[in-house]
Amino acid sequence: TGLSVSSTGIISGTPAAGTAGEHPAVVTATSSAGSASLNVSLWVVDPVVSIITGSTSAVGDPITVVGQGFSPASSIEIWDASSTTLLSTIVSDSLGNVSYSVNTLSTGVHEFLVKDLATGASVRSLSVTVVVFPTISGTLPNAIAGTPYSAALTVAGNPAPVVSISSGALPTGLSLSSA
């Protein structure tokens, strides 16, 4: 839908939305001298990509980007659009589908740009936020009544976690700082 063939053999127009995929046809040229036919196959690409691992991921955990509607068996570039870094060039399958997993992203918000090198068509994914999940570790030495006390726990994460007492209570005179 949206394309037509002229009497001189030019196929033109604008493929309609929703027509992605393979469109086989037989084109025939006819004159008073006879006719000739040609089997043709036209692919309409309408790429879409998504992230199937969710909108938040930890550094080092795999993030999988999947797409469809690309040129079949063509080179496809996968970019980290947030840092304009080419992550990989892969080949789409015979139906124009792609799947790519990456687990080396830094913390922050990332979008993926997937580009079909056969057509130049490109599409961005939704964003995924890569985080370092909070960790807390350490042991507390005994406190001595009437003696100043200070002890540090090791807290890490990105974004920086907020530390609080989630159950129980500290003894009177002691408090937990944001550090």
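The values are calculated or read from the model by the stated rules, or taken from the named source; none is laboratory data. Please read all numbers here as calculations on a predicted model, not as lab measurements. So basically every Cβ, Gly included, is an ideal-geometry build from the backbone, and we count neighbours across all protein chains shown. All accessible areas refer to the heavy atoms of the entire protein, side chains included, with ligands and DNA or RNA removed. Shrake-Rupley method; radii C 1.70, N 1.55, O 1.52, S 1.80 Å.
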- Scanning region 98-112 for residues that are out of contact with any Ser or Thr (no Cβ under 6 Å at 6 or more places or on another chain) and among the β-branched types (Val, Ile, Thr), the one nearest to Ser82 (Cα to Cα) turns out to be Thr107
- Query: Are any residues in region 158-175 surrounded by 10 or more Cβ atoms within 10 Å (Cβ to Cβ), farther than 26 Å from Val132 by Cα and in contact (Cβ under 8 Å) with a residue 24 or more places away in the chain, and if so, which ones?
  - Reply: Leu174
- Task: Might you let me know whether region 51-70 holds any residue that is assigned to a strand (DSSP E or B), under 17 Å from Thr129 (Cα atoms) and over 13 Å from the mean Cα position of the chain (by Cα)?
- Result: yes
- Query: What number of residues in region 71-95 are in contact (Cβ under 8 Å) with a residue 40 or more places away in the chain, part of a strand (DSSP E or B) and of a type in the set (A, V, I, L, M)?
  - Reply: 1
- Of all strands (runs of 3 or more DSSP E) completely enclosed by region 96-156, which ones contain at least 1 residues that are in contact with a strand residue (DSSP E or B) (Cβ under 9 Å, 6 or more places away or on another chain) and surrounded by fewer than 16 Cβ atoms within 10 Å (Cβ to Cβ)? 98-102, 108-110, 122-124, 128-137
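Listed here are the residues, each with its yes/no results for (1) closer than 19 Å to Thr119 by Cβ; (2) open to solvent by less than 50 Å² (accessible area, probe 1.4 Å); (3) small (Gly, Ala, Ser).
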| residue | (1), (2), (3) |
| --- | --- |
| Leu3 | yes, no, no |
| Gly9 | no, no, yes |
| Val26 | no, no, no |
| Ala29 | no, no, yes |
| Ala33 | no, no, yes |
| Val48 | yes, no, no |
| Ala58 | no, yes, yes |
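Do we have any residue at all in region 66-79 that's aromatic (Phe, Trp, Tyr), under 29 Å from Gly18 (Cα atoms) and open to solvent by 50 Å² or more (accessible area, probe 1.4 Å)? First the steps, then the outcome.
Residues of region 66-79 that are aromatic (Phe, Trp, Tyr), as a first pass: 70, 79.
Next cut, under 29 Å from Gly18 (Cα atoms) only: 70, 79.
So of that shortlist, the ones also open to solvent by 50 Å² or more (accessible area, probe 1.4 Å) come out as 79.
Checked against the condition, which is being aromatic (Phe, Trp, Tyr), under 29 Å from Gly18 (Cα atoms) and open to solvent by 50 Å² or more (accessible area, probe 1.4 Å), region 66-79 yields at least one hit.
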- Message: Pairs please, first residue from region 140-157 and more than 14 Å from Leu170 (Cβ to Cβ), second anywhere and among the small types (Gly, Ala, Ser) and assigned to a strand (DSSP E or B), Cβ atoms under 9 Å, 6+ apart in sequence or on different chains.
- Response: Thr154/Ser137; Val155/Ser137; Ala156/Ser137
- Across region 13-24, what is the number of residues that are out of contact with any strand residue (DSSP E or B) (no Cβ under 7 Å at 6 or more places or on another chain) and open to solvent by 50 Å² or more (accessible area, probe 1.4 Å)? 3
